[in-house]
Structures are given as structure tokens and as C-alpha cells.
Amino acid sequence: MATPCSSSRLRYLIHLAHDNVDFRLPEIKALLALRGKPFHPCENFNEQSPFWCLEGLSEEDVRSVMARSVCAKSAFELWGHGQTDGNLRSSLLNYPPQSMSPFMHKDSTYRINVYTFNKTLQFQDRIKKIDALDYLPFEGTVSLKTPQHIFCLLEDYGTDPNNIPEDPNYIYFGRWIADGQRELIRTHSVKNRHFIGNTSMDAGLSLIMTNHAKVKENDLIFDPFVGTGSLLVACSHFGAYVCGTDIDYNTIHGKGRSSRKNQKWRGPDENIRANLRQYGTEKMFVDVMVSDASKPVWRNAALFDAIITDPPYGIRESTRKTGSYKENTKLPDCTYVESHVPVSQAYHLSDIFTDLLNFSAHHLVLGGRLVYWLPIYRPEYCDEMVPVHPCLQIISNCEQMLSSQTSRRLITMEKVKEPEESDIIAHLSDPHFSAYQGHNAFREKYFSGLNKRCGKEDTKYFNKN
Ligand SMILES: C[S@@+](CC[C@H](N)C(=O)[O-])C[C@H]1O[C@@H](n2cnc3c(N)ncnc32)[C@H](O)[C@@H]1O
């Protein structure tokens, strides 16, 4: 006789979206870590598959992951699985009847869905597949509109759209538990956002960054290159207080030229606070201010639970910092002569990242995360180029292609110790440091003949973003 499934023996099936494949594992791991749970895949785990089977979780754990995930579509309590209908049947008949019965008794109502990945089935074929499950002890009544319980037969036909097998490679059956937050990608789309700019971050990616950063309710989050505040919008959605800085006065104050097609100037209320108001999270807005990320303006303390940012690459926006190349603008007491007008000088990409990591080491709480994008010239990339810091441990490094030659990498780091004097020196003497000086050349490579072949494609991307 089959033994009952204790909650620790239960298996859950997560159905994942097939875009942003690289970002899914760090997202699910981070969301489980928020519950203090490890990521424990079942045997034959394949990261590329749209279906992941996990164990060691409770239904509550799974619900809380789905309440945040934008990479996961749905989650199921897995009742059976196999490579063929026969294997599925044996597996289902092995599932403890006492674990099934609360959802199948005669007073219950239910519905069975059929989901196929990489193949579209005719309605009649779906019905046949449902009928073939008649060996399951359903005693309740079918209700298509308002069922108490939803079950799903999920068939995996592989990931190659040019080579779809006749029969599925794998079949799963389970009880639906919850859907993920894919809908947020639509409701928070920058297309309908009140205040946008040329480089506003896509809603889905902003939410993914927020999840990688393990943002939680009442956290304080900072974006040092805040732009139009897309990352603040995502963080505030999950209940965090948000603040940011940007060197651009017009962006912070919502003035100047509009990025919208049919509008010349920004309207009177086009600003970051209004963006949060649009999504009902204005109360999470702390403030934004004009400030240069290369200059120390914060008191010396660990202030932020996470730092999430999209630094300038110099493609659609300039990489500038305040400062003059002239030596004589500052007086000996560090004040400026009265006639001084701040000017700007180039802010090299490698310096942007050094400053960002040093800033994060000093201003993140212990265990806090830094999540940022690193632009990459692909033919020259190696993992050693990712900036390191003795106080920050790399958690994940995911690639998003921009063209055949360029991409950006979403880097997640966690603060593991408080900085000491020697850490700054150790950082600069680290052999990795010289490798990422090469990032200074990203802009030149991007616009050079090396990238011409896909120039159109890239321009389209950066116009959109
Ligand atoms: C890629 S954009 C950020 C876009 C933002 N994530 C959004 O959704 O709108 C980079 C931003 O960094 C700002 N920036 C450039 N140099 C800076 C500096 N030295 N200090 C602070 N902000 C700077 C630019 O004005 C720009 O708004």
C-alpha cells in the first residue's frame, strides 16, 4: 500500500515562462531564500526546461514564491509524471489516495485543463486526453466556470519549434496551486506609464531585478542612477520604501523634452512620484534628488537593504560626472571660488562600477544585495571581467542578448562583511580589476565597424529602452 505524502515529501511542479530563461533560477532561488528555504530540485533537473520539479517545500512556500515571481507562470502540486501515458498512469495510481481524496470527494467541484508546451492541440484531442484520465477517482462534479479545484495535464513537446515530436517528451499531472505575476508585466508596461524616458527599464526586467535583490516589505531601496524611476516602481510594488539620485536635473524634476512620440515637452506632473501614484504606491516614495553617483553625499552608515540600478552605458545617455579638469577651481579649504559653475567630465564605465561596488560595500546592510546591469562586448567577455569586491559575493550573473556582439549581464551581489580600510586597497590590487578597464571601450566598440553588421538591431533595442 502506498504511504501517505507528508508535506516534506510533496513535490511541486513550476511551469516557467520561456523568455528570460537565464533569469529564472536566480529569481526562484531568491524568492525561496526570502522564506528561508533552499532550492531543492528533483532528479533529472534541467534548467532550460519550462517545467521544474521541486521538493522540500510546503504549499505556503510555493504560494509565496508565486505571489512574487514574474518568471513562473503557474505552480502545481505534482501528483504524477512520466514519459508516456502508461508511465503517467502508474505514477498517478501510486500517489497516496488519502492525499487525493480531499480534492475529489463527491461534494467537490473541479475542472481539468490540458496545457501543451511547444504544440497546439485541437479541442477534440484535449477532450480525449481528459477522458483518458478516467482511472482517477474523481467523485465530484465538473464545473468549468467556478471549480473549487483545478487540475492540469501538462505535456512537454521540447523546446525546438522546428522539430515537434508526435508524442510528448514528458507528461505531468497535478493540482493547480497558484499563478505567478506575469500579469504585472502588462499592467506595469512602460507604454502606459505616466513618466518615461529614453532609457526607462522594461517592466518585466525591473520586477526580475527586484526579486533577484530579495526586496521585501518595508525595506529601503536605493537607485543611484534612478532616471525615470522604473526600478523604484517595481520595488514599491512589493512594499519597499524607495529613493534615488540622478545627475540630470530635468529627469529628477520631470522637466524638459518629452520622450513620447507626439509630445514636445514634459507635462507639469511627469515625475517619479507621479509614476508611483499611478500604481497606488506613492506612500512608499521617500525622495529623489539631483546628485552625482561619483561623489560621496551620504553619511557613513549602512543605510539600504538593497541597491538596484541600471548605470549609464553611454549609448542613449552620457556617462558624465561633475568636476573640472582644471586644478584651480577649488580653494585650499575645499570650497569653490564664487564664480565656480560645476562642469562635467567623462565618467568611465570602469570607474562607474568601481564606485558602485565601493558605495554598496559601505551603504548596504549586511546581507543586502546589489543588483545592476553590466554591458558586455561578447567576443571579449569572460567571467573574470565582472567587477569584484571583498565585501560583496557574486550570487548570479545572467546574460541578456542585445545583439550578436553585445549583451548586458544582470549581476547580483550580496554584502558578506563590513568594509575595512584594507579592502579598498585589496580591491584595486585585485588582478580582476585591470580586466574590466576594458569596459571603457564598450561605447567605442558598440559604435565601431565591429558592431556594424547588427547596428540596426542594436539601435532599435536602445531606442526602445
Ligand atoms: C540607463 S539610465 C537609468 C534608467 C532608469 N533605470 C529608468 O528606468 O529610467 C542611467 C541614468 O544615469 C544617469 N547618470 C549618468 N551619469 C550619472 C552620474 N554621474 N551620477 C548619477 N546619475 C548619472 C543618467 O542621467 C540616466 O538617467
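Worth a mention:
- Spin-label model, T146/Q124: points 7 Å from Cα along the beta carbon direction are separated by 3.4 nm.
- Karplus-derived HN-Hα couplings along region 10-17 (A = 6.51, B = -1.76, C = 1.60, θ = phi - 60°), whole Hz, x at Gly and Pro: 5, 10, 10, 10, 10, 9, 9, 5
- Once backbone amide H atoms are built at 1.01 Å from N, N113 has F151, C152, L153 as its partners under 5 Å, excluding neighbours fewer than 5 places away on the same chain.
- Each Lys and Arg contributes +1 and each Asp and Glu -1, all at the Cβ; summed about the Cα centre of region 93-216, the dipole is approximately 660 debye.
- As a ratio to 2.2 N^0.38 Å, the alpha-carbon radius of gyration for region 11-181 is 1.02.
- Region 263-289-region 27-104 distance, computed between alpha-carbon centres (Å): 39 Å
- Placing +1 on the Cβ of every Lys and Arg and -1 on the Cβ of every Asp and Glu, with nothing else charged, gives region 1-134 a dipole about its Cα centre of roughly 140 debye.
- Toward the positive end of the charge dipole of region 11-181, with +1 on the Cβ of Lys and Arg and -1 on the Cβ of Asp and Glu, the farthest Cα among A72, H105, G82 is that of H105.
- Taking 0.36 nm per residue of separation and subtracting the Cα-Cα distance, full extension of the segment from Y135 to N192 would add 15.6 nm.
- Sorting C71, C235, C42 by the number of Cβ atoms found within 10 Å of their own Cβ, with the fewest placed first, yields C42, C71, C235.
- Packing-based exposure ordering (other Cβ within 10 Å, fewest first) of H237, H18: H18, H237
- Among the listed pairs K145/K261; K255/K321; K119/K216; K261/K295, those beyond 32 Å (Cα-Cα): K145/K261; K119/K216; K261/K295
- Sequence of D167, D202, D61 once ranked by neighbouring C-beta atoms within 10 Å, starting from the fewest: D167, D202, D61
Each value in this text was obtained by applying a stated rule to the coordinates, not by laboratory testing. This structure is a prediction, so every number in the text was calculated from the model and none was measured. Reconstructed Cβ throughout: ideal geometry from the backbone, glycine too, with neighbour counts over all protein chains shown.
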